[in-house]
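Encoded as structure tokens, the structure appears first; notes follow it.
The values are calculated or read from the model by the stated rules, or taken from the named source; none is laboratory data. Keep in mind it's a predicted model, so treat the numbers as computed, not measured. For neighbour counting, all protein chains shown are included, and Cβ atoms are generated from backbone atoms with ideal geometry for every residue, glycine included.
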Amino acid sequence: MHDFSAATIKKAVIHVVGNKGLDEPLRLSENHLRTLLVEEEESLRHFFLKPFKTEEYNQFHHHTNLELNEAFNYIHELFLTPINFIEASKKLATHLFESSIHQRIKGGEFYVVNFENVVFEDEIVDAVGLFKTEHKSTFLNIEDGNETIDIALQNGIDLSKLDKGCIIFKTYEEDGFRALLHDQASRGEDAQYWKEEFLGLKPASSEFEMTKNYMSLCKSFVMEKMPEEFEIDRTTQIELLNRSSGYFSKSEEIDSKEFASTVLEQPDLIDSFETYKEAYSNDHSIEIDDHFETSKSAVKQGKKNFKSILKLDKNFHIYVHGSRELIEHGFDEDRGMKFYKVFYNEERG
């Protein structure tokens with residue numbers, strides 16, 4: 001868990017990083033950003049930090065040795081001593097420039113910001129923010145003179161839309177720190193350079209990631225694996241998804257044995273699930289523990305994928321929230337069509 005409500009900007013440096021592949025320039029600043037007015041700091045703090053609401057944490061990594069990750073080393077220099085801040089920020093800007101070779105990557109302003117009074121896992125820590133603005137907007141400015149009111153069009157940065165960002169918390173350094181990632185253009189080869197080529201981040205092993213993976217595992221088992229091994233109709237699948245969703249919402253901790261006994265119930269389903277869990281972990285190169293704390297934000301995000309909808313041709317959508325016993329499935333010989341019969345006590349709305 002993190003909290004930015006008391007965070008303040010201690011210092012910042014701004015560089016301009018073009019697209020190296022298009023022969024655009026790299027302009028490095030030699031000085032910190034001037035002391036900000038109160039309203040300026042408030043606006044910038046909101047601009048930089050507002051996008052980071054998720055608890056989906058990342059960490060720096062390298063496939064052979066963490067110390068070979070350039071961004072990790074430069075962030076370490078930034079945290080090490082204030083003297084290194086400008087020089088380390090230059091190294092980060094240069095590294096970003098060297099990573100900007102895809103023809104669709106846009107150049108822009110690169111901000112390296114040191115935050116104080118950031119809360120991470122109930123401790124006050126320093127944090128470094130790396131941000132990039134790539135798009136300009138046109139603003140209408142009203143000039144109110146003594147006798148006339150005029151207008152002027154100005155080109156600038158829209159403070160409601162941050163293009164790219166990363167917040168690195170000064171904690172878990174030996175494990176690659178903990179970081180939050182933001183990227184408006186999150187898809188495509190030109191987008192992945194921010195996370196992969198420049199930063200070298202991977203998901204951290206956290207409650208959020210573990211919960212997200214477990215929910216994905218359960219949905220995959222119900223919707224993909226079960227039909228391969230058992231005779232199962234769509235309403236039974238929906239009922240299991242609903243029961244799974246309810247378990248995740250109510251449980252402070254996720255326990256694999258408890259989940260299996262309360263949701264799956266039947267011994268043959270439980271055995272199949274345990275076998276599938278191991279195969280799923282190997283296929284997706286992830287670790288799924290048998291017992292861990294539930295991330296409520298991951299549950300809230302993941303429940304959107306547990307859709308309890310029967311889609312029947314193009315005519316009907318049936319939202320199923322109740323008991324499986326209240327829906328009967330069959331085949332009408334006269335019409336040559338399948339049907340669902342729904343039992344209820346009263347009609348609402």
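Residue pairs whose Cβ atoms lie under 7 Å apart, separated by 6 or more positions or on different chains, with the first residue in the range 246-258 and over 11 Å from SER295 (Cβ atoms) and the second in a helix (DSSP H, G or I), are TYR247/PHE259; TYR247/THR262; TYR247/VAL263; SER249/VAL299.
Considering only residues that are assigned to a loop (DSSP other than H, G, I, E, B) and either in contact (Cβ under 8 Å) with a residue 12 or more places away in the chain or crowded, with 16+ Cβ neighbours inside 10 Å (or both), which ones fall in the range 65-81? Result: ASN69, single match. The residue of the range 29-58 that is nearest to the chain's Cα centre (by Cα), among those that are within 17 Å of LEU92 (Cβ to Cβ) and crowded, with 18+ Cβ neighbours inside 10 Å, is ASN58. None of MET226, MET210 is outside any loop (DSSP other than H, G, I, E, B) and in contact with a strand residue (DSSP E or B) (Cβ under 6 Å, 6 or more places away or on another chain) except MET210. Scanning the range 200-212 for residues that are under 13 Å from the mean Cα position of the chain (by Cα), over 12 Å from ILE254 (Cα atoms) and modelled with pLDDT of 85 or more yields a total of 2.
Considering the conditions (1) under 26 Å from the mean Cα position of the chain (by Cα); (2) without any contact (Cβ under 8 Å) to a residue 60 or more places away in the chain; (3) farther than 30 Å from MET210 by Cα, ASN84 is excluded by exactly one of them, (1). Inspection of the range 119-126 finds a residue satisfying the criterion of being surrounded by fewer than 11 Cβ atoms within 10 Å (Cβ to Cβ) and in a strand (DSSP E or B).
Residues are listed down the side, and each one gets a yes or a no for (1) among the small types (Gly, Ala, Ser); (2) part of a loop (DSSP other than H, G, I, E, B); (3) modelled with pLDDT under 90:
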residue: ALA93; (1), (2), (3): yes, no, no
residue: PHE115; (1), (2), (3): no, no, no
residue: THR138; (1), (2), (3): no, no, yes
residue: GLU143; (1), (2), (3): no, no, yes
residue: ASP150; (1), (2), (3): no, no, yes
residue: GLU174; (1), (2), (3): no, no, yes
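Only a single criterion out of (1) over 18 Å from ILE157 (Cβ atoms); (2) assigned to a helix (DSSP H, G or I); (3) among the basic types (Lys, Arg) is not satisfied by LYS11, namely (2). Considering the range 37-64, and only residues there that are among the β-branched types (Val, Ile, Thr) and free of Cβ contacts under 8 Å to residues at least 12 places away in the same chain, the residue that is nearest to GLN301 (Cα to Cα) turns out to be THR64. In the range 230-283, the residue that is surrounded by the fewest Cβ atoms within 10 Å (Cβ to Cβ) out of those that are modelled with pLDDT of 90 or more and assigned to a loop (DSSP other than H, G, I, E, B) is GLU252. Test PRO82 against the criterion of being under 25 Å from GLU173 (Cβ atoms) and at pLDDT below 90, and give yes or no. Here the answer is yes, as PRO82 does meet what is asked.
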